Amino acid sequence: MTVGKKRKVKPGTAVIYIVLILWAVLTIFPFVWVVLNSFKPSAEVLRSSFALPSQATMMNYENAFSKLNVLKAYGYSFTISGVVTVGVMVFASLLSFGLTRYQFRGKQLVRSLIVASLMFPVFATIIPVFRMMVEWNLLSKNLAVILPQIAGNLSFATIVMTGFMQSIPIEMEEAAYMEGASVFQVFFRIVVPLCRPSLATVAIFSFLWSYNDLFVQKIMIRDPMKYPISTLLEQISSQYGTDFGLMAASVTIIVVPVMLVYIVLQKNIIKGLTAGAVKG
């Protein structure tokens, strides 16, 4: 019987693990703290916010669903984020396919503009975008949020998709063309199925960014009855800021879907970001 040697941990590796553990604790602790306080009355939150609930209550969640338009806000959020996700996936994949498979005048300029657009924050373009939505009579409509969010996410998605498509062997597409396949058949039957990891990454990040985008939602949606869930939380903090139990319950309700997406799809996020990083 062979006795395995004990693996020695290098000091540098130990330091890295310690830093990562501390980072994880500091990241997870605020969420756990909010969830625990969501089961306490506001008076108990003020008295002992870092202790376990003396008697857990669901009153804060009952008040959140009865006083606030939570379910309707969820509907608006999922509708907006879903359309944005699909739009970004479609446009980014088509644009990436054109940039990686075709040679045309101005191709490098287009690539440079896509990368350069990442340097411009949404705050720098919100005034002309707002005026455009006013002229199109789209304020307080979902399209007023969907269109800017698709445009804002398209550059990042195109860069991710382009890097992945460059790693796909072009011989399969050439063989399909020789068999008489059209461009759209090659794109939808060969390229898109092979790009599932990067498409999953684009979909996840586009959905989460759209879901959490308070700035554009607050500017474009003027009707409180049409607020998505992130904008509703901002309204709750201004109206019920002293009801700490209700605030904690509202934050928990809003954050839980995002946490579930990260937990369930974390492998897809990592795989999609690393796929295509190395060619060959």
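The values are calculated or read from the model by the stated rules, or taken from the named source; none is laboratory data. Quick caveat: nothing in here was measured; it's all calculated off a predicted structure. A quick note on method: Cβ atoms are made from the backbone with ideal geometry, for glycine too, and the neighbour counts reach across all protein chains shown.
Summary table below
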{"read-out": "Residues located in the range 71-86, provided they are within 30 Å of M165 (Cα to Cα) and either among the acidic types (D, E) or surrounded by fewer than 20 Cβ atoms within 10 Å (Cβ to Cβ) (or both)", "value": "F78, T79, G82, V83, V86"}
{"read-out": "Selected residue (criterion: surrounded by the most Cβ atoms within 10 Å (Cβ to Cβ)) from residues of the range 167-185 that are part of a loop (DSSP other than H, G, I, E, B) and of a type in the set (V, I, T)", "value": "I168"}
{"read-out": "Tally, over the range 119-128, of residues that are assigned to a helix (DSSP H, G or I) and either touching an Asp or Glu at 6+ places or on another chain (Cβ under 7 Å) or without any contact (Cβ under 8 Å) to a residue 40 or more places away in the chain (or both)", "value": "5"}
{"read-out": "Whichever residue in the range 242-280 is of a type in the set (S, T, N, Q) and at pLDDT 75 or above and, among such residues, is nearest to V35 (Cα to Cα)", "value": "T252"}
{"read-out": "Any hit, the range 59-70, residues being surrounded by 15 or more Cβ atoms within 10 Å (Cβ to Cβ), of a type in the set (S, T, N, Q) and either modelled with pLDDT of 85 or more or part of a loop (DSSP other than H, G, I, E, B) (or both)", "value": "yes"}
{"read-out": "Set A181, A144: member being touching a Leu at 6+ places or on another chain (Cβ under 9 Å) and of a type in the set (G, A, S)", "value": "A144"}
{"read-out": "Residue in the range 42-58 that is of a type in the set (S, T, N, Q), outside any helix (DSSP H, G or I), surrounded by 12 or more Cβ atoms within 10 Å (Cβ to Cβ) and at pLDDT 85 or above present", "value": "no"}
{"read-out": "Test for F164: is it in a helix (DSSP H, G or I), at pLDDT below 90, within 20 Å of the chain's Cα centre (by Cα) and of a type in the set (A, V, I, L, M, F, W, C)", "value": "yes"}
{"read-out": "Sole residue being of a type in the set (S, T, Y), touching a Lys or Arg at 6+ places or on another chain (Cβ under 8 Å) and farther than 25 Å from A73 by Cα, chosen from S140, S182, S167", "value": "S167"}
{"read-out": "Filter pass, P148 being assigned to a helix (DSSP H, G or I) and touching a residue at least 24 places away in the same chain (Cβ under 8 Å)", "value": "yes"}
{"read-out": "Candidate set from the range 191-231 (those that are out of contact with any Ser or Thr (no Cβ under 6 Å at 6 or more places or on another chain), over 19 Å from V86 (Cα atoms) and of a type in the set (A, V, I, L, M, F, W, C)); member that is surrounded by the most Cβ atoms within 10 Å (Cβ to Cβ)", "value": "M220"}
